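The values are calculated or read from the model by the stated rules, or taken from the named source; none is laboratory data. Since we're looking at a predicted model, the values are computed, not measured. Every residue, glycine among them, receives a Cβ derived from its backbone with ideal geometry; neighbour counts consider all protein chains shown. The protein model used for the area step is the full one, side chains on, heavy atoms only, and it has no ligands, DNA or RNA in it. Shrake-Rupley method; radii C 1.70, N 1.55, O 1.52, S 1.80 Å.
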Amino acid sequence: MSDSDRDINSEFLAARFEAHRSHLRAVAYRMLGSLAEADDAVQEAWIKLSRADAGRVENLGGWLTTVVGRVCLDMLRSRRTRGEESLEDPGSPVRMPEPVLSPVSGIDPEQEALLADSVGLALLVVLETLTPAERLAFVLHDLFAVPYEEIAPIVGRTATASRQLASRARRRVQGGAPAPDPDLARQREVVDAFLAAAREGDFDALVAVLDPDVVARSAGRVTVGATAVASGASSFAHLARMARPALVNGAAGFVVVSEGRLVGVLAFTVVRHRIAVIDILNDPEQLAGVDVSLDL
């Protein structure tokens, strides 16, 4: 094969890969909860493809999805802290994922591909509590319809055992990430009411907008119940005054900016016109990597 033919084949292969990049990034983000790590996983998939005999791959999309899944599984297993503590223990730490921020005016096309299927922050937080194998089985099967027979060799188990992994994960997700109200305008109304009450330190107004069993989660702790959450929210009125509305993973939320620096991100899950889950990100190191270049 001439150098010219090799260049043509390489360009053709790169074009085929690029057609799948958005999908692969979406898979990796759900697996890892980090955009930077997701990009690393996708790049690793490209390296593996460029070294493989791509002409023998019948279903390139499926092949790349399983490759990215395997790469992400290895990355999860290599983390020193994998966030596998139970959310049922209020004192257990939670590993918070990296949020995707958008202005309230809307989400750009690239973010739409990344956040398809309502990948809210609450879902990602719960995924952080799963074992790596459970997370892979749930993400690939439930979110991307990969058959258990194709998941089995990735996790080194049978298809039946892979089904059981996904089932355990599904129960955890259903208990910790309730389906939000789909009406974004209604979400915004409820979140704005929460913010107004927090700014005024109005305890009763805060309780009124919270679900009785609301869960507030941060990297340091989990707080359960409207009274406990309202007590905490009413104590940061000064931070609430610096809050700006934003979309957090496509849902109504807000960011806290102090002296031009992002110091907090709050994501809300609104269910039946009340706030059921609040996910709080305030780790300076993690927030330093969040893209806030857009007009929030």
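Pick out the one residue from 233, 228, 237 that is farther than 16 Å from residue 270 by Cβ and modelled with pLDDT under 90. Spell out how you get there, then give the answer.
Numbers: 233 fails: farther than 16 Å from residue 270 by Cβ; 228 fails: modelled with pLDDT under 90.
After applying the criteria, what remains is 237.
Would you check which residues across the range 186-209 are open to solvent by less than 20 Å² (accessible area, probe 1.4 Å) and under 30 Å from residue 139 (Cβ atoms) and list them?
Here is the first cut: in the range 186-209, the ones open to solvent by less than 20 Å² (accessible area, probe 1.4 Å) are 187, 190-191, 194-195, 197-198, 206, 209.
Within the range 186-209, 187, 190, 191 meet the criteria.
Name the pairs: first residue in the range 64-78 and more than 20 Å from residue 19 (Cα to Cα) and assigned to a helix (DSSP H, G or I), second residue charged (D, E, K, R) and open to solvent by 10 Å² or more (accessible area, probe 1.4 Å), Cβ to Cβ under 7 Å, at least 6 apart or on different chains?
Cβ pairs passing all conditions: 75/37; 76/82.
Whether any residue in the range 177-188 is within 27 Å of residue 247 (Cβ to Cβ), assigned to a helix (DSSP H, G or I) and of a type in the set (A, V, I, L, M) is what I want to check.
The answer is yes; a qualifying residue exists.
Over 21 Å from residue 105 (Cβ atoms) and in contact with a helix residue (DSSP H, G or I) (Cβ under 9 Å, 6 or more places away or on another chain): does that describe residue 231?
Numbers: over 21 Å from residue 105 (Cβ atoms): yes; in contact with a helix residue (DSSP H, G or I) (Cβ under 9 Å, 6 or more places away or on another chain): yes.
In short, yes.
Being part of a loop (DSSP other than H, G, I, E, B) and either in contact with a Ser or Thr (Cβ under 8 Å, 6 or more places away or on another chain) or surrounded by fewer than 18 Cβ atoms within 10 Å (Cβ to Cβ) (or both) is the filter here; which residues of the range 246-276 pass it? So that I can check it myself, show each step before the final result.
Keep residues of the range 246-276 that are part of a loop (DSSP other than H, G, I, E, B), which gives 249-250, 259-260, 272-273.
Matches in the range 246-276: 250, 259, 260, 272, 273.
Taking the conditions exactly as written (open to solvent by less than 20 Å² (accessible area, probe 1.4 Å) and either under 27 Å from residue 120 (Cβ atoms) or within 20 Å of the chain's Cα centre (by Cα) (or both)), does residue 32 satisfy them or not? Let's see the steps before the verdict.
Details: open to solvent by less than 20 Å² (accessible area, probe 1.4 Å): yes; either under 27 Å from residue 120 (Cβ atoms) or within 20 Å of the chain's Cα centre (by Cα) (or both): yes.
It is true that residue 32 is open to solvent by less than 20 Å² (accessible area, probe 1.4 Å) and either under 27 Å from residue 120 (Cβ atoms) or within 20 Å of the chain's Cα centre (by Cα) (or both).
Step by step: first the residues of the range 189-213, then only those that are assigned to a helix (DSSP H, G or I) and of a type in the set (Asp, Glu), then the one that is nearest to residue 96 (Cα to Cα). Which residue is that? Give the derivation first.
Going through the range 189-213, the residues assigned to a helix (DSSP H, G or I) turn out to be 189-200, 203-209.
Checking which are of a type in the set (Asp, Glu) leaves us with 189, 192, 200, 204.
Working: 189: 25, 192: 23, 200: 28, 204: 29 Å.
Taking the candidates together, the pick is 192.
Determine which member of the set 233, 243 is of a type outside the set (S, T, N, Q), open to solvent by less than 20 Å² (accessible area, probe 1.4 Å) and farther than 13 Å from residue 192 by Cα.
Values: 243 fails: farther than 13 Å from residue 192 by Cα.
Matching residue, one of 233, 243: 233.
Pick from 89, 74: which is modelled with pLDDT under 90 and either in contact with a Gly (Cβ under 7 Å, 6 or more places away or on another chain) or under 30 Å from residue 280 (Cα atoms) (or both)? I'd like the intermediate steps shown before the answer.
Numbers: 74 fails: modelled with pLDDT under 90.
Answer to the selection: 89.
Only one residue in 233, 166, 216 is in contact (Cβ under 8 Å) with a residue 24 or more places away in the chain, closer than 30 Å to residue 70 by Cα and either touching a strand residue (DSSP E or B) at 6+ places or on another chain (Cβ under 7 Å) or in a helix (DSSP H, G or I) (or both), so which one is that?
When all the criteria are applied, what remains is 166.
Go through the range 135-155 and count every residue that is open to solvent by less than 20 Å² (accessible area, probe 1.4 Å) and assigned to a helix (DSSP H, G or I).
Taking the range 135-155 as the starting set, the residues that turn out to be open to solvent by less than 20 Å² (accessible area, probe 1.4 Å) are 135-140, 146, 148, 151-152, 154-155.
Then keep just the ones that are assigned to a helix (DSSP H, G or I); that gives 135-140, 148, 151-152, 154-155.
Qualifying residue count, the range 135-155: 11.
Write out, first by first residue and then by second, each pair whose Cβ atoms fall under 7 Å of each other, whose residues are 6+ apart or on separate chains, and whose first residue, in the range 194-207, is in contact (Cβ under 8 Å) with a residue 40 or more places away in the chain while the second is open to solvent by 40 Å² or more (accessible area, probe 1.4 Å).
Cβ pairs passing all conditions: 198/236; 199/241.
Conditions: (1) over 20 Å from residue 42 (Cβ atoms); (2) among the acidic types (Asp, Glu); (3) at pLDDT below 85. Residue 112 meets all but one. Number of the miss?
Here residue 112 clears every test but (1).
Identify, please: which residue in the range 156-185 is among the charged types (D, E, K, R) and within 22 Å of the chain's Cα centre (by Cα) and is, among those, surrounded by the fewest Cβ atoms within 10 Å (Cβ to Cβ)?
In the first step, residues of the range 156-185 are kept if they are among the charged types (D, E, K, R); the result is 157, 163, 168, 170-172, 181, 183.
Now narrow it down to the ones that are within 22 Å of the chain's Cα centre (by Cα): 168, 170-172, 181, 183.
On the way: 168: 16, 170: 15, 171: 10, 172: 18, 181: 19, 183: 12.
It comes out as 171.
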